[in-house]
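The values are calculated or read from the model by the stated rules, or taken from the named source; none is laboratory data. The shown structure was predicted, so the numbers you read here are calculated from the model rather than taken from an experiment. Please note: Cβ atoms are built from the backbone with ideal geometry, for glycine as well, and neighbour counts cover all protein chains shown.
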Amino acid sequence: MSLPLGVPLPEGLITGGLTAAPLVVRMSDDEELQEKRARLRKQLEELESYRGMGTELVTVIIPPDRQVSDVRHQLGNEAGQAANIKSKSTRKHVTDAIESASHALAGLRNAGENGLALFCGHVIVGNNKTRMTTIVLDDLPEPLTSFRYRCDSTFETSQIAEMLIDRTAYGLLVIDRSEAAYGIASGRRLHVQEYIPSRVPSKHGRGGQSAQRFERLIEEAATAFFKKVSERASNYWLGHLENLKGIIVGGPGATKDSVVNSGFFHHEIQQRILPTMFDVGYSNESGLRELIQNAGGMMDQIELDEERVLVDRFLQEIMQAHPKATYSEMRVRSALDQGAVDILLLSESLRKRLEVYSCRQCRHTWELTVEGRPAIPDCPECQAKADQVRINVEAGRDLTDDLAENAKRSSASVKYISMDTEEGATLMTAFGGVAALLRWPWT
């Protein structure tokens with residue numbers, strides 16, 4: 001949200017974990033995280049597009065364990081140092097930015113559960129003109145990790161960008177009779193939890209002993225080894241079950257198949273093991289890295305496949321005589337109002353806003369969905385020209401946020417569809433990025 005300098009912050013803008021609008025229906029944690037990341041992605045694009053005339057854009061990143069009073073004290077010191085800037089224009093802009101940041105922090109005792117990020121400064125709007133902008137991010141999907149104060153020609157957004165990295169985790173296991181290793185792959189990082197060599201003999205040369213008896217002992221030793229590995233891996237993965245998207249198994253030969261089908265894994269872990277298994281040359285850390293290379297495409301596609309299924313279902317429904325699906329903002333809004341929406345599909349590339357306009361001449365107020373920064377329209381009621389129309393900055397809101405909020409009230413699920421698949425691109429280009437799967441046929 002952007003506010004001009006000197007305008008009081010609306011109540012509840014900076015919650016810091018202290019204020020929150022009650023919801024009729026609470027979203028699931030996964031949907032809530034999706035919504036926060038989708039909103040943050042748009043805010044990040046906006047922040048990265050801003051430029052200052054000089055080093056006069058102020059970024060203040062406050063982690064949850066940092067005292068807000070300490071930050072206010074530091075901003076006061078920075079304001080004193082800003083008085084020494086030689087350029088009159090830069091000195092004024094930096095001072096304005098620091099004052100705006102201090103004003104945003106006024107009355108706050110803490111930075112909230114995940115911290116607080118402030119971005120203040122005069123941003124270039126064209127023709128050598130600037131506009132004072134204050135952006136407050138207080139509903140972050142993950143905690144901020146470190147305090148940062150920076151004054152530069154751009155905003156410092158690295159910690160915010162880190163939150164958009166997909167941290168979906170996959171359990172990994174490579175195993176054969178001689179050794180095994182297991183761990184977790186998350187993002188670009190591989191964590192090898194344990195490497196376990198076995199003591200299962202591969203051959204026997206003991207004269208006088210029954211070959212069948214010795215083979216039975218070998219099989220018992222192998223079974224004990226497989227059971228030990230399965231139990232240790234299960235105990236480790238159970239501690240990360242909430243973040244595990246799936247478990248991928250690999251190894252040389254057919255041993256991996258028999259281990260998976262042995263029933264040694266914990267039942268919750270067994271359900272997460274993906275049906276496709278991969279042949280790799282080793283069963284140690286090198287084997288885990290090879291497994292990531294071989295299974296990387298599948299790891300990337302699992303979440304995308306979920307999106308494909310939803311969009312394919314939507315495309316099939318709208319072809320029916322009495323479809324349980326609809327699209328376009330107007331139809332979806334109507335379906336939401338009647339409680340007909342089961343799953344709301346929103347493209348992550350949707351960049352529209354609901355702006356609120358008021359006419360100074362006839363006092364008429366209306367909403368309009370816009371994209372980018374279009375010219376202010378004439379009044380539709382009295383036909384007054386645009387110079388008589390004002391935009392209510394505080395009342396404007398993102399279209400995605402507005403539709404998602406409406407979906408919560410009717411217990412509808414919200415799914416954000418990326419542009420990484422053909423189906424996701426079709427949703428955006430052919431259907432405007434707004435669609436819905438319905439609970440019953442609706443017109």
Would you be able to tell me the number of residues in the range 206-218 that are of a type in the set (Ser, Thr, Tyr) and either outside the structural domain of Arg177 (by TED's automatic domain parsing) or surrounded by 15 or more Cβ atoms within 10 Å (Cβ to Cβ) (or both)?
0
In the range 373-427, which residue that is under 17 Å from the mean Cα position of the chain (by Cα) and of a type in the set (Val, Ile, Thr) is farthest from Lys352 (Cα to Cα)?
Val414
Being among the hydroxyl-bearing types (Ser, Thr, Tyr) and in a helix (DSSP H, G or I) is the requirement here; does Thr426 meet it?
yes
Give me a count of the residues in the range 377-410 that are closer than 20 Å to Arg131 by Cα, surrounded by 15 or more Cβ atoms within 10 Å (Cβ to Cβ) and free of Cβ contacts under 8 Å to residues at least 24 places away in the same chain.
0
Looking for something part of a strand (DSSP E or B), free of Cβ contacts under 8 Å to residues at least 60 places away in the same chain and under 19 Å from the mean Cα position of the chain (by Cα) - is there at least one such residue anywhere in the range 109-121?
yes
Restricting to the range 390-423, name every residue that is charged (D, E, K, R), more than 26 Å from Cys379 (Cβ to Cβ) and not in a helix (DSSP H, G or I).
Lys415, Asp420
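Here is a yes/no grid of residues against (1) loosely packed, with under 15 Cβ neighbours inside 10 Å; (2) assigned by TED's automatic domain parsing to the domain that holds Gly296; (3) under 35 Å from the mean Cα position of the chain (by Cα):
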{"site": "Glu220", "(1), (2), (3)": "yes, yes, no"}
{"site": "Lys228", "(1), (2), (3)": "yes, yes, no"}
{"site": "Ala233", "(1), (2), (3)": "no, yes, yes"}
{"site": "Leu238", "(1), (2), (3)": "yes, yes, yes"}
{"site": "Gly246", "(1), (2), (3)": "no, yes, yes"}
{"site": "Ser258", "(1), (2), (3)": "yes, yes, no"}
Some residue of the range 333-344 being free of Cβ contacts under 8 Å to residues at least 24 places away in the same chain and out of contact with any helix residue (DSSP H, G or I) (no Cβ under 7 Å at 6 or more places or on another chain):
yes
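Okay, residues lined up against (1) charged (D, E, K, R); (2) modelled with pLDDT of 90 or more; (3) at negative phi:
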{"site": "Val249", "(1), (2), (3)": "no, yes, yes"}
{"site": "Gly253", "(1), (2), (3)": "no, no, no"}
{"site": "Ile269", "(1), (2), (3)": "no, yes, yes"}
{"site": "Thr276", "(1), (2), (3)": "no, no, yes"}
{"site": "Asp279", "(1), (2), (3)": "yes, yes, yes"}
{"site": "Ser286", "(1), (2), (3)": "no, no, yes"}
{"site": "Ala295", "(1), (2), (3)": "no, no, yes"}
{"site": "Val309", "(1), (2), (3)": "no, no, yes"}
For the subset of the range 338-389 comprising residues that are of a type in the set (Gly, Ala, Ser) and assigned to a strand (DSSP E or B), which member is nearest to Ala407 (Cα to Cα)?
Ser347
With the condition kept exactly as written, say whether any residue in the range 218-233 is farther than 22 Å from Asp279 by Cα, of a type in the set (Phe, Trp, Tyr) and assigned to a helix (DSSP H, G or I).
no
Looking at Ala104, Ala169, can you tell me which residue is touching a Ser or Thr at 6+ places or on another chain (Cβ under 7 Å), of a type in the set (Gly, Ala, Ser) and within 30 Å of Ser262 (Cβ to Cβ)?
Ala169
Out of all the residues in the range 147-165, is one or more closer than 21 Å to Glu394 by Cβ, touching a residue at least 24 places away in the same chain (Cβ under 8 Å) and part of a strand (DSSP E or B)?
no
Give the residue that is surrounded by the fewest Cβ atoms within 10 Å (Cβ to Cβ), with candidates limited to residues of the range 111-163 that are under 24 Å from His93 (Cβ atoms) and small (Gly, Ala, Ser).
Gly126
